[in-house]
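For reference, the structure discussed in these notes is given below.
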Amino acid sequence: DQSFNDSANEGMIRASKELAVETQVVESSSTTDYGSNLNAFADLGYNLIFSIGFLTKDSLSEAAEIHPDTHFAIIDEVVDKPNVASCTFKEEEGSFLAGVVAGLMTKTGTVGFLGGVEVPLIKKFQAGYEAGVKIANPNVKIIAKYTGDFEDVSKGKDISSILYSQGADIIYHASGKCGLGAIESAKNQKKDCFVIGVDGDQDSLGVIKDNEGRIVKTVVLTSMMKHVDVAVFDVCKMEKEGTFKSGHRVYGLKEGGVSLTEMKFTRDKIPESVIAKIEELEQKIIQGDLIVPTTMEECKKFEVKEK
């Protein structure tokens with residue numbers, strides 16, 4: 001998906017190289033494959049098995065009970081079992097910084113949010129993003145829409161086109177593969193429109209080149225990177241060193257779990273004042289002086305204290 005799952009895979013690749021462990025990756029073609037794939041890995045004798053995404057929670061929980069001597073890890077959910085390590089992220093913190101970028105960079109005064117499935121996890125992205133927009137410029141209008149899944153690229157493109165037609169010139173997506181459609185939509189707009197990518201570094205996906213390979217345009221301002229690879233590698237390292245621990249591990253800005261990209265293709269478009277503001281607010285979050293909302297209810301009560 002060039003996003004969430006690829007980030008997890010990068011952690012596995014790093015573990016293979018740096019820890020000299022044998023790894024194997026399988027893609028489930030449907031939700032009904034989760035349980036069978038997890039159990040198959042356990043039956044093959046793998047010491048540690050990862051389950052990627054909140055949709056896999058029930059299947060992971062069942063597999064962990066069936067194989068109590070096997071270690072498991074899940075990303076984006078918490079399974080309270082003695083042989084399961086649960087890794088979640090403070091998506092709202094990285095999304096907040098994405099919102100600051102959008103709020104300070106919009107030319108139309110309207111920005112969009114494209115979500116996948118409307119669940120609490122994705123609402124965390126939206127809440128953080130809207131709080132960031134609000135703190136950057138409380139006068140900016142925010143339009144949010146959901147695709148209803150994480151796979152339909154064409155739906156992501158169609159809904160993004162609607163958001164752009166309604167005045168948004170920047171869309172932050174938290175929609176899996178649907179976000180690839182958002183990027184395509186931005187490329188097709190006659191006016192300057194942008195996307196903020198998610199989970200992995202999607203900046204390069206927005207680049208448009210001429211016949212001679214020169215960059216003529218880019219539509220991805222930055223990406224809110226959710227460093228799933230860091231969590232995957234951390235747990236692999238524990239397993240390799242014999243220090244595996246079950247329980248809940250949380251990754252935020254302070255832990256290096258979320259961040260914006262270096263904006264390789266758009267750095268010349270983003271003023272130094274915007275970069276300085278991002279860095280200032282990031283430090284406030286890390287130091288605990290700024291608490292980012294995690295729900296839309298908290299977001300509505302979020303007070304604008306910055307000028």
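Among the residues that make up the range 102-121, is at least one of them β-branched (Val, Ile, Thr), without any contact (Cβ under 8 Å) to a residue 24 or more places away in the chain, within 19 Å of residue 150 (Cα to Cα) and assigned to a loop (DSSP other than H, G, I, E, B)? Scanning the range 102-121 turns up no residue that is β-branched (Val, Ile, Thr), without any contact (Cβ under 8 Å) to a residue 24 or more places away in the chain, within 19 Å of residue 150 (Cα to Cα) and assigned to a loop (DSSP other than H, G, I, E, B). Checking each residue in the range 128-148 for being assigned to a loop (DSSP other than H, G, I, E, B), touching a Lys or Arg at 6+ places or on another chain (Cβ under 9 Å) and either over 19 Å from residue 193 (Cα atoms) or among the aromatic types (Phe, Trp, Tyr) (or both) picks out 147, 148. Of all residues in the range 87-97, at least one satisfies being farther than 30 Å from residue 138 by Cα and not aliphatic (A, V, I, L, M). Listed by position, the strands (runs of 3 or more DSSP E) inside the range 149-217 whose residues that are open to solvent by 40 Å² or more (accessible area, probe 1.4 Å) number at least 3 form an empty set. For the range 226-263, the tally of residues that are closer than 22 Å to residue 23 by Cα and either in a loop (DSSP other than H, G, I, E, B) or among the polar types (S, T, N, Q) (or both) stands at 6.
Residue 58 falls short on exactly one of the conditions (1) surrounded by 15 or more Cβ atoms within 10 Å (Cβ to Cβ); (2) assigned to a helix (DSSP H, G or I), and that condition is (1).
Of all residues in the range 204-230, those that are of a type in the set (Lys, Arg) have Cβ atoms under 6 Å from Cβ atoms of residues that are open to solvent by 50 Å² or more (accessible area, probe 1.4 Å), 6 or more apart or on another chain, in 209/215.
The values are calculated or read from the model by the stated rules, or taken from the named source; none is laboratory data. On a predicted model such as this, the values are computed, not experimentally measured, just so you know. Cβ sites come from the backbone with ideal geometry, for glycine too, and all protein chains shown count toward neighbours. Just so you know, the surface numbers come from the protein's heavy atoms only, side chains and all, with ligands and any DNA or RNA stripped out. Shrake-Rupley method; radii C 1.70, N 1.55, O 1.52, S 1.80 Å.
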